[in-house]
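Structure record follows, encoded as structure tokens.
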Amino acid sequence: MRITITVNGNPIEADDVWEGESLLFVLRERMALPGSKNACEQGECGSCTVYLDGVPACACLVAAGQCQGREVRTVEGLHDGDQLHPVQQAFLDTGAVQCGFCTPGLLVATHDLLGRTERPSDGEIREALAGNLCRCTGYEKILDAVRLAADRLAG
Ligand code: FES
């Protein structure tokens, strides 16, 4: 089937999409958007987190066919022109990116958290990011990144 999804503000078509194909596969393999990562494919690790109609979702668990006519925002759509989003910059500045595999999902989840909660507590940060696994950082630098981003966004 042919589907059209608005991705990062642009309508993008994909042809020959199989009914069971995931949104993650279509984004990465048919729409040339490899930012969302493919790791567990079971909705457990969070590395494929994208916004679907403004709500974070694991793209590996969503059938692409269900996304016809809907809005998806990926990590590639967080920045503003040449400027990294403050969440992205904070992850870089605090050393919260090591291998980077978890980073796109964490960026989307953090962006969502800070859009809802200006100054989250550590408990709120941990709860919001509980679905995003990181094998490298021990999470402390990620917490530092979220706190720094919150400070910068609150200005
Ligand atoms: Fe490697 Fe998180 S930076 S999994």
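General observations
- Evaluation of I142 against the conditions (1) assigned to a loop (DSSP other than H, G, I, E, B); (2) more than 25 Å from T6 (Cα to Cα) shows that the sole unmet condition is (1).
- Qualifying positions in segment 98-116 - without any contact (Cβ under 8 Å) to a residue 12 or more places away in the chain and over 14 Å from the mean Cα position of the chain (by Cα): R116
- Residues of segment 69-95 satisfying the condition of being of a type in the set (D, E) and under 15 Å from V146 (Cβ atoms): D93
- Residue within segment 91-105 that is part of a loop (DSSP other than H, G, I, E, B), out of contact with any Cys (no Cβ under 7 Å at 6 or more places or on another chain) and open to solvent by 70 Å² or more (accessible area, probe 1.4 Å) present: yes
- Members of segment 60-85 that are crowded, with 19+ Cβ neighbours inside 10 Å and more than 14 Å from D112 (Cβ to Cβ): C60, V62, A64, C67
- Residue count for segment 109-139, restricted to those that are assigned to a helix (DSSP H, G or I) and either more than 14 Å from the ligand (Cβ to nearest atom) or open to solvent by 20 Å² or more (accessible area, probe 1.4 Å) (or both): 13
- Residue match in segment 59-72 (condition: in contact with a Cys (Cβ under 6 Å, 6 or more places away or on another chain) and of a type outside the set (D, E)): yes
- The residue that is farthest from S47 (Cα to Cα), counting only those in segment 145-155 that are in a helix (DSSP H, G or I) and open to solvent by 20 Å² or more (accessible area, probe 1.4 Å), is A154.
The values are calculated or read from the model by the stated rules, or taken from the named source; none is laboratory data. Because the structure is a prediction, the values reported are computed rather than measured. Note that each Cβ is placed from the backbone with ideal geometry, even for glycine, and that neighbours are counted across all protein chains shown. Remember, those area values only see protein heavy atoms, side chains included, never the ligands or the DNA or RNA. Shrake-Rupley method; radii C 1.70, N 1.55, O 1.52, S 1.80 Å.
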